[in-house]
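Coordinate-derived values only; no laboratory data. Bear in mind the structure is a predicted one, so any value in this text is a computation, not a measurement. Virtual Cβ from ideal backbone geometry, glycine too; neighbours counted across all protein chains shown.
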Amino acid sequence: MINIPKGTKDVLPSEIYQWHHVEKIARETAETYAFKEIRTPVFEHTELFRRGVGDTTDIVNKEMYTFLDKGNRSVTLRPEGTAGVARAFLENGLANGAMPFKAYYLISAFRYERPQAGRLREFHQFGAELYGAAGASADAEIISLADRFLKNLGLKKVGLQINSIGCKTCRAQYQQALKEYFRPHLSKMCADCNARFEKNPLRMIDCKEENCKNFTANAPRMIDYLCEDCRAHFEEVKTLLGGAGIPFTVNPSIVRGLDYYSRTVFEFTSEAAGAQGTVLGGGRYDTLLEQMGEKPVPAVGFAAGMERILMVMAAENAPMPENRGVTCYLAGMDRASREKAFLLACELRSEGVSCEVDLMDRSVKAQFKYADKTKARFVAVIGERELAEQTAEVKDMKNSSSERVNFRALAQYCKEKI
């Protein structure tokens with residue numbers, strides 16, 4: 001037998017209803033904020049991610065699924081959603097339409113990393129992107145959308161942490177301060193941190209190596225180096241969140257793992273979300289399009305891992321709809337009644353009633369067992385007498401009551417009783 005690749009997971013029919021529930025909440029929440037869905041390709045030219053995500057990130061250096069296609073072009077399975085949306089925004093001239101541009105996505109993404117709780121090599125994200133608005137109100141709106149999404153899922157033990165990592169102007173001074181701080185410790189830090197020291201010392205703050213954490217814990221804080229504009233922006237974000245009743249904690253150690261972030265960064269965390277604890281993360285990325293060689297356009301957004309969301313929902317025992325079976329199972333006693341059951345099923349389905357018929361030539365007793373296993377709400381039994389009277393003996397599997405129902409009234413009966 002050929003087994004599933006490491007770091008991937010089947011989503012079985014018995015659990016897909018949970019995914020549908022989260023996806024439904026994601027769509028409904030995003031659309032109440034006037035965001036519309038966007039769909040981008042699963043793979044893009046590799047250069048998009050090198051320039052967009054950043055060549056100092058672990059994603060680009062270690063985790064991307066990159067290969068040459070038959071035209072000898074380097075393509076990469078998307079490791080995240082933002083770069084693809086940015087490319088679509090530019091390529092389709094969306095900046096010429098109504099601004100701000102608001103879009104959300106539900107995607108699969110791919111990273112080659114060690115599989116762990118809530119983190120797979122093929123994973124799924126709900127994300128939202130807002131282009132064209134530079135003010136703090138856009139930051140607050142995207143955070144509000146994320147907060148409302150988590151609340152609509154019934155999550156109560158998820159906390160918001162925010163920080164500002166400044167702009168190019170104030171970050172240059174901060175990076176110099178980081179170099180001065182880390183230089184005496186480099187020999188004791190990991191190879192990745194040594195590589196990042198020259199290219200992007202800000203990435204060192206985000207190192208997950210336990211030994212490096214001993215040094216990063218006391219590193220200078222970006223929040224202490226913010227320029228006047230960045231400080232004012234961050235203060236307004238905090239004021240708007242407070243006014244909206246969204247509690248938060250300022251965490252100076254949050255830098256996020258991608259090079260395109262600037263100013264506001266944020267994470268919603270939970271102890272039930274595995275070692276890193278992040279359920280949803282995002283921030284502002286005003287320089288992303290500039291990194292891609294285009295004119296800068298202010299932007300802000302977030303992404304949430306669906307696997308982690310479901311894991312946290314289970315840990316919190318958050319409300320989840322019932323995994324319903326079909327509405328009506330039509331059981332036939334003989335060949336003629338099975339034929340009638342098939343025709344009735346076609347009629348019921350045309351009227352929007354989900355139903356099943358016997359396809360295995362089972363006895364009536366076996367059909368009842370099957371209907372019970374598949375959580376059918378009603379079982380409509382048809383035999384010789386029922387064919388003659390044009391009625392079905394309908395049993396409600398929820399309370400074991402039974403009554404005769406005319407074939408022509410069966411669809412309406414199911415709709416009213418369900």
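Per-structure values
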item	result
Members of Lys157/Lys398; Lys102/Lys238; Lys340/Lys395 lying beyond 29 Å, as alpha-carbon distances in this model show	Lys157/Lys398
Reach of Lys62 by Cα under 28 Å, taken over lysines that are not fewer than 8 positions away in the same chain	Lys6, Lys9, Lys70, Lys168, Lys179, Lys188, Lys199, Lys208, Lys213
Order of Ile38, Ile254, Ile2 - criterion: other Cβ atoms within 10 Å of each residue's Cβ, fewest first	Ile2, Ile38, Ile254
Additional length obtainable on full extension of the chain from Arg408 to Thr8, 0.36 nm per residue less Cα span	139.3 nm
In range of the label at Ala232: residues from segment 165-195 whose backbone nitrogen is under 17 Å from the point 7 Å along Cα→Cβ	166-170
Segment 328-417: Rg to Rh, with Rh as the Kirkwood radius over Cα pairs	0.91
GNM result for the chain, Cα springs below 10 Å: residue of Ala138, Ala366, Ala109 fluctuating most strongly	Ala366
The chain: equivalent-ellipsoid semi-axes (sqrt of 5 x gyration tensor eigenvalues, Cα, Å)	53, 22, 21
Residue of Gly127, Gly242, Gly301 that the Gaussian network model of the chain assigns the largest fluctuation, springs spanning Cα pairs under 10 Å	Gly242
Helix-derived mean residue ellipticity, 222 nm - over the chain, DSSP H n ≥ 4, -39500 (n - 2.57), to 500	-11000 deg cm²/dmol
Antiparallel %, DSSP beta bridges [both residues in the chain], to 5	80
Förster-model FRET efficiency, 56 Å R0, Asn72 and Lys188, C-beta, rounded to 0.05	0.80
Shape of segment 168-279, Cα gyration tensor, a/c cut at 1.5	oblate
Radius 10 Å from Cβ of Leu130, net charge of other residues (Lys, Arg +1; Asp, Glu -1)	-1
Choice from Thr327, Thr46, Thr169 with maximal GNM fluctuation in the chain (Cα, 10 Å cutoff)	Thr327
Nearest 10 degrees, 0 to 90: helix 168-182 Cα axis against the chain principal axis	80
Partners for Lys151 among aspartates and glutamates (Cα-Cα distance below 19 Å; same-chain residues under 8 apart left out)	Glu23, Glu28, Glu31, Asp139, Glu141, Glu267, Glu271, Glu307, Glu316
Cleavage-rule hits, trypsin sites (Lys or Arg not before Pro), segment 42-146, DSSP coil, Cβ neighbours within 10 Å at most 11	Lys70, Arg73
